[in-house]
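Below: the structure, in structure tokens.
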Amino acid sequence: MISYLRGVCAETGEDYMVVDVGGVGFKVGVSGRTAELAPGTGELVTLHTHMSVREDDLSLFGFLTKEELHVFRQLLSVNGVGPKAALSILSAVGIDDLRFAILTGDTRLITKAPGVGKKIAERMVLELKDRFSSDDLLPRGGETQALAGAGEETDEALAALMALGYGASEAGRAVAKAREEAPDVQDAGKLLQVALKYLG
């Protein structure tokens, strides 16, 4: 299996990239996030890759971070989700919001991805919910430690902020700061009030 590719970005498209590795051009399927953040044509790039092997197809999919590759593979583990659907989900929803949608059972957010219906979204929630925690929504470091061992009120506060339209990572940072300020609060409503101060 090809674990990663490191070479010159020879060409980019909306959902693919061609990486020139020693004179050989590898066409790699990519998510919208990777396509957006990838270096420009002629620049050096490293993609962490997943190889999909089928009877009539051999394809490579690449990601700028191991984290996105990991989530991609988790999506592939869901029955009925193939590489193209997984890329579509990552492009339309993003890692943080996808994790939040799975944790809260928000199938409506998942179905924003083209070609992903309600049944597939429900299956994703059912099969992946136990693989994520509220800590996955937070940046690594001090803010994550601030929520270590936090209870249900943390998840409820996160859900409330998302319902108000805040992104998962933004909501996670606000709740982490709220938890640092009020470590003994065990009421989701009070925690939410503190978190909103950081989002004002």
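Laboratory data are not the source of any read-out in this text; all were calculated from the coordinates shown. These numbers were taken from a predicted model, which means no experiment stands behind them. No Cβ is skipped: glycine too gets one built from the backbone with ideal geometry, and neighbour counts run over all protein chains shown.
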- Full-extension gain in nm, D130 to N79, via 0.36 nm per residue minus C-alpha separation: 16.8 nm
- Query: How far, in nm, would the chain grow between E122 and L196 when pulled straight, counting 0.36 nm per residue and subtracting the alpha carbon separation?
  - Reply: 23.6 nm
- Would you calculate the separation in nanometres between label points at T46 and I2, each defined as 7 Å from the Cα along the Cα-to-beta-carbon direction? 1.7
- Task: Can you tell me which of 74-83, 53-62 comes out highest on packing, and rank the rest after it, using the mean Cβ neighbours within 10 Å?
- Result: 74-83, 53-62
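Let's test the formula: R0 of 35 Å, r as the Cβ-Cβ distance of V53 and R108. What FRET efficiency results, to the nearest 0.05? Provide the component values of the computation, followed by the final result.
On the way: r = 34 Å, r/R0 = 0.96.
So, using R0 = 35 Å, E works out to roughly 0.55.
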- Message: So I have (i) 134; (ii) 106; (iii) 118, and one of them is volume of the Cα convex hull per residue in Å³ calculated from this model. Which one is it?
- Response: (i)
- Note on the structure: Looking only at lysines whose Cα falls under 20 Å of K84's and that sit 8 or more positions away or on another chain, we get K27, K66, K112, K118, K119
- Note on the structure: Everything considered on the Cα gyration tensor (a ≥ b ≥ c; rounded for a/c under 1.5, else prolate if a/b is larger than b/c, else oblate), region 73-112 must be described as prolate
- Query: In debye to the nearest 20, how big a dipole does the chain give about its Cα centre with +1 on each Lys and Arg Cβ and -1 on each Asp and Glu Cβ?
  - Reply: 260
- Please work out the Cα center distance from region 10-56 to region 173-200, rounded to the nearest Å. 41
